[in-house]
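Shown next, in C-alpha cells, is the structure this report addresses.
Read the figures in this text as sums done on the coordinates, not as results from a lab. Quantities reported herein were computed from a predicted structural model and do not represent experimental measurements. Note that each Cβ is placed from the backbone with ideal geometry, even for glycine, and that neighbours are counted across all protein chains shown.
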Amino acid sequence: MSIAPNAEEFLADFQTMSQFGATGNGGVDRQAASPADAEQRLWFRKLLESRGLDVRYDQIGNEWGLLEVVPGAPYVVVGSHMDSQPTAGKYDGAFGVLAAAHAAFRLQAEWEAGTRPDPTYNLAVVNWFNEEGSRFKPSMMGSSVFTGKLSLDEALKVSDVKGISVRSALDEHGFRSDWQGPKAAYCAEIHVEQGRSLERDDVTIGLVHSNWAANKYEFVVHGEQAHTGSALIEDRRDALLGASMLVVVAREIANSFPGVVHTSVGQLDVYPNSPVVVPSRVSLLLDLRSADETALAEADARLYRRVAEIEAEANVTVERKTAHTWPVMPYQPEGVQLSAKAAAGLGLSYKPVMTLAGHDSTNMKDLVKTVMLFVPSVEGLSHNEAEYTKDEDLISGVEMLTEVVARLSNGELDG
Ligand code: GLV
Ligand code: MN
Ligand code: MN
C-alpha cells in the first residue's frame with residue numbers, strides 16, 4: 001500500500017500529542033480535566049481551528065470540531081477520547097481522536113478540490129470527555145450524557161478523590177457550555193485493539209461487530225477500626241480482610257469460566273490505611289465481563305453468594321454503592337459490511353472482532369448506526385506505558401477511517 005501524502009504529518013502530530021502528560025517510560029498520564037488533559041485539549045483545539053473547523057464544548061465537556069459543508073444537515077460524528085488512565089499507553093483513545101481529525105482534514109481538502117463527490121452530511125470530530133473513568137466514575141461519561149444514558153446533573157456532581165467535582169474541573173478550563181452537541185446522523189471510531197487477535201492473525205483492520213457485556217460494581221466493605229496487635233482475632237471486623245477475599249473470589253470466578261469470563265478488582269481505597277490499625281472501611285471496584293450473557297449472569301450470582309459468605313467469614317458488611325453495566329450489543333451489521341467493502345477497496349486485510357473493552361462508540365451505536373474499527377496492538381498490551389502500535393498500522397487505520405467516514409458522509413447507509 002502506498003503511504004498517504006499526509007502520513008508524515010499525522011505521525012508528527014501524534015508525536016506532539018504524546019508529549020502532553022508524558023511519563024518517563026514512553027507512556028502518558030492525562031486523567032480527565034487534569035492539567036495535562038487540559039493542555040492537550042487546547043493544543044487540539046488550535047489544530048482543528050487552524051484547518052477552519054469550528055471548535056465548541058458541550059454541556060458535559062465533550063470537545064467538538066465541526067465541519068459544516070451542507071448547511072443545516074446532521075453530522076457524521078467521528079472521534080474517541082484523549083484522557084488516559086494513570087501511567088497509561090499513548091495510543092488508547094488518542095490515536096482515534098487524531099485519526100478522526102486527519103480524516104476530516106483530508107475529506108475537507110478533497111471535497112473542496114472536487115476530487116470526491118459532495119457529501120450529504122456534515123462532519124464532527126469529537127474528543128469525548130472522561131472515557132476512562134479513572135478520575136471521575138463512571139467511565140464513558142461524555143458519551144453517556146450525550147446519548148442520554150446518564151443524566152447531566154448526576155454527571156456534573158461526581159467528585160474525584162480530592163472532592164473536586166466534574167462541574168468545577170470542567171469550568172476551571174472553560175470546557176463547558178449549555179450546548180447539547182450536534183445532531184448525529186452516524187458515528188465512527190477507530191481504536192487500538194488492546195488484545196492480540198489482529199496481531200496473531202496478521203490482519204490490519206478489525207471490524208467490531210459486537211461488544212462484551214460488563215458489570216462494574218463499587219463495593220464498600222465496612223468493618224471496625226482496631227489495634228492490629230492488641231485486638232483479639234475473634235473480635236476483629238477487618239474491612240481489608242473482607243476486601244481481599246473479594247479480590248480472590250473475583251479471580252476464582254474467572255478461573256471457573258476459563259476464557260469466557262474476565263474479572264478484576266482495579267482499585268482499592270483503604271481507610272485509615274495506617275500502620276497498626278485494622279482498617280474500618282475499604283472501597284473497591286470490581287468488574288466482571290463476558291461475551292456470554294448466561295455465563296455472566298451465573299458469575300454474577302456466584303459473586304453475590306460469595307459476598308454473603310464473606311460477610312459472615314470476615315465479620316464485615318459489604319455495601320454495593322454503584323453499578324455500571326452494559327449488555328452484549330451488536331454494532332449494526334450494515335456498518336460492518338460497509339467497512340468490509342472499504343477495507344477491500346483499500347487492499348487492507350480485515351476480519352470481524354468483538355471489543356472486550358468499553359468504548360464511546362458502544363454508547364453511540366444505541367443512538368445512530370455506528371462503525372467501530374481496530375488496528376493491531378503489539379502483544380495486546382494496554383493500560384500500560386509499553387502499549388504499542390506500529391506506525392504503518394496507524395497510517396492504515398487513518399486511511400481506513402477516512403474511507404469509512406467518506407462513505408457515511410455520502411449517505412451510503414441511508415434508507
Ligand atoms: C471502558 O470504560 C472499559 O471499562 O472498558
Ligand atoms: Mn480507549
Ligand atoms: Mn482505556
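A few notes on this one:
- Debye, to nearest 20: dipole size of region 213-326, +1 on Lys, Arg Cβ, -1 on Asp, Glu Cβ: 180
- Listed by chain and number, the lysines placed with their C-alpha closer than 24 angstrom to that of LYS157 are LYS137, LYS149, LYS216, LYS321; residues fewer than eight positions away on the same chain are left out.
- Dipole of the chain, positive end: most advanced residue of LEU170, GLY27, LEU207 [Cβ charges, Cα centre]: LEU170
- Remark: the SER349-GLU234 segment gains 35.2 nm on full extension, using 0.36 nm per residue and subtracting the alpha carbon distance.
- For region 1-146: rounded, prolate or oblate by the Cα gyration tensor [a/c cutoff 1.5]: oblate
- Ranked LYS149, LYS90, criterion: other C-beta atoms within 10 Å, fewest first: LYS149, LYS90
- Straight Cα distances below 17 angstrom link LYS390 to the aspartates and glutamates GLU8, GLU9, ASP13, ASP92, GLU193, GLU199, ASP201, ASP202, GLU379, GLU399, with same-chain residues fewer than 8 positions distant left out.
- Sorted fewest first by neighbouring Cβ atoms within 10 angstrom, LYS321, LYS369 come out as LYS321, LYS369.
- Fluctuation leader among ARG135, ARG320, ARG167 - the chain, Gaussian network, Cα springs under 10 angstrom: ARG320
- Highest GNM mean-square fluctuation among GLU199, GLU110, GLU39, for the chain modelled with Cα contacts below 10 Å: GLU110.
- Placing unit charges on the Cβ atoms of the charged side chains and taking the dipole of region 213-326 about its Cα centre, the candidate lying farthest along the positive direction among THR228, HIS262, ALA301 is HIS262.
- Residue among ASN384, ASN273, ASN315 with the largest mean-square fluctuation in a Gaussian network model of the chain, springs linking Cα atoms under 10 Å: ASN273
- Compared with the direct C-alpha span, the chain from THR87 to GLU224 gains 46.0 nm at full extension, assuming 0.36 nm per residue.
- Between ALA113 and ARG200, full extension at 0.36 nm per residue minus the direct alpha carbon distance yields a gain of 27.3 nm.
- In the chain, the longest principal axis of the Cα atoms and the axis of helix 391-409 are about 70 degrees apart.
- Whether region 87-206 is rounded, prolate or oblate, judged on the alpha carbon gyration tensor where a/c under 1.5 counts as rounded: oblate
- As a calculated quantity, the FRET efficiency between VAL378 and GLU334 at R0 = 35 Å, using C-beta atoms, amounts to about 0.65.
- The chain shape via C-alpha gyration tensor axes, a/c threshold 1.5: prolate
- Between the beta carbons of GLU39 and GLN15, assuming R0 = 22 Å, the FRET efficiency works out to 0.90 to the nearest 0.05.
- Here the 3J(HN,Hα) profile of region 100-116, calculated from phi with Karplus coefficients 6.51, -1.76 and 1.60 at θ = phi - 60°, is 4, 4, 5, 4, 5, 4, 5, 5, 4, 5, 6, 5, 5, 7, x, 8, 10 Hz, Gly and Pro shown as x.
- Seen from ALA386, the other residues with C-beta closer than 13 Å to its C-beta sum to a net charge of -3, counting Lys and Arg as +1 and Asp and Glu as -1.
- Ascending count of other beta-carbon atoms within 10 Å, so fewest first, for MET245, MET329, MET354, MET364: MET329, MET354, MET245, MET364
- MRE, 222 nm, helices only [DSSP H, n ≥ 4, -39500 (n - 2.57), over the chain, to nearest 500]: -11000 deg cm²/dmol
- Rounded to 5, percent antiparallel among DSSP beta bridges of the chain: 70
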